[in-house]
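Have a look at the structure below, then the notes.
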Amino acid sequence: MMCKEQLLLMAQYNIWATKRLAQHLKTVNDEDLYRDSGLFFKSIFGTLNHLLLGEHYLWYPRFTAGISPTIALSTSIETECFLCLEQLITKSQHWIDFIHALTDKQLIGNLSYRRVNGEELCLPFTATLMHVFNHGTHHRGQITAALTALGYDCPELDLVYMLAEQSRVHHQK
């Protein structure tokens, strides 16, 4: 079973990787941010909007309030790319606070929710929470692939880069 510390690590990684990606996206022109790059949600912006919608408007209410919103995965939450990124980063801190408050009983329990298509599911709580962070990793990978195809430099987003960065900071103290 995954422990709370591992979930916190993944939540911290989610913030770190999103911030790092946001820094690189500042060098991308608007045309390329909104261009159909062949991604599942079409553009870099569309993929960021999907991350915001999925992490914070679908999954967060499922976990924290037992609510299953019925919002289409293509719904536009934010229309400006950098406001979308700002929300992604700001709202991601909520996951850390949420994980800190989890009990052992919750961690070994299940999460019951309704998918946007109405299907009822009951899945292992901790594994499903891991899905939220894995989902972000997947889509950030798509964005970096699109950036590469468009000729932009991409940030290193592997978890080990965050761990190495934290290790250097720890050893400097």
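The values are calculated or read from the model by the stated rules, or taken from the named source; none is laboratory data. Please read these numbers as outputs of a predicted model, since none were measured by experiment. Virtual Cβ from ideal backbone geometry, glycine too; neighbours counted across all protein chains shown. Quick note on the areas: whole protein, heavy atoms, side chains included, nothing else; ligands and nucleic acids left out. Shrake-Rupley method; radii C 1.70, N 1.55, O 1.52, S 1.80 Å.
Scanning the range 142-171 for residues that are within 12 Å of ILE44 (Cβ to Cβ), open to solvent by 30 Å² or more (accessible area, probe 1.4 Å), in a helix (DSSP H, G or I) and not β-branched (Val, Ile, Thr) turns up GLN142, ALA145, ALA149.
Just the residues that are open to solvent by 60 Å² or more (accessible area, probe 1.4 Å) and assigned to a loop (DSSP other than H, G, I, E, B), please, taken from the range 117-140. ASN117, GLU119 - these are the residues of the range 117-140 that are open to solvent by 60 Å² or more (accessible area, probe 1.4 Å) and assigned to a loop (DSSP other than H, G, I, E, B).
Kindly provide the set of residues from the range 51-70 that are part of a loop (DSSP other than H, G, I, E, B) and open to solvent by less than 40 Å² (accessible area, probe 1.4 Å), ordered by number. Selection gives SER68, PRO69.
When LYS91 is tested against (1) in contact with a His (Cβ under 7 Å, 6 or more places away or on another chain); (2) surrounded by fewer than 11 Cβ atoms within 10 Å (Cβ to Cβ), exactly one condition is not met: (2). A single member of LEU7, LEU48, LEU33 is more than 20 Å from TYR152 (Cα to Cα) and open to solvent by less than 30 Å² (accessible area, probe 1.4 Å), and it is LEU7. Does the range 100-153 hold any residues that are in contact (Cβ under 8 Å) with a residue 40 or more places away in the chain and acidic (Asp, Glu), and which are they? Of everything in the range 100-153, just one residue is in contact (Cβ under 8 Å) with a residue 40 or more places away in the chain and acidic (Asp, Glu), namely ASP153.
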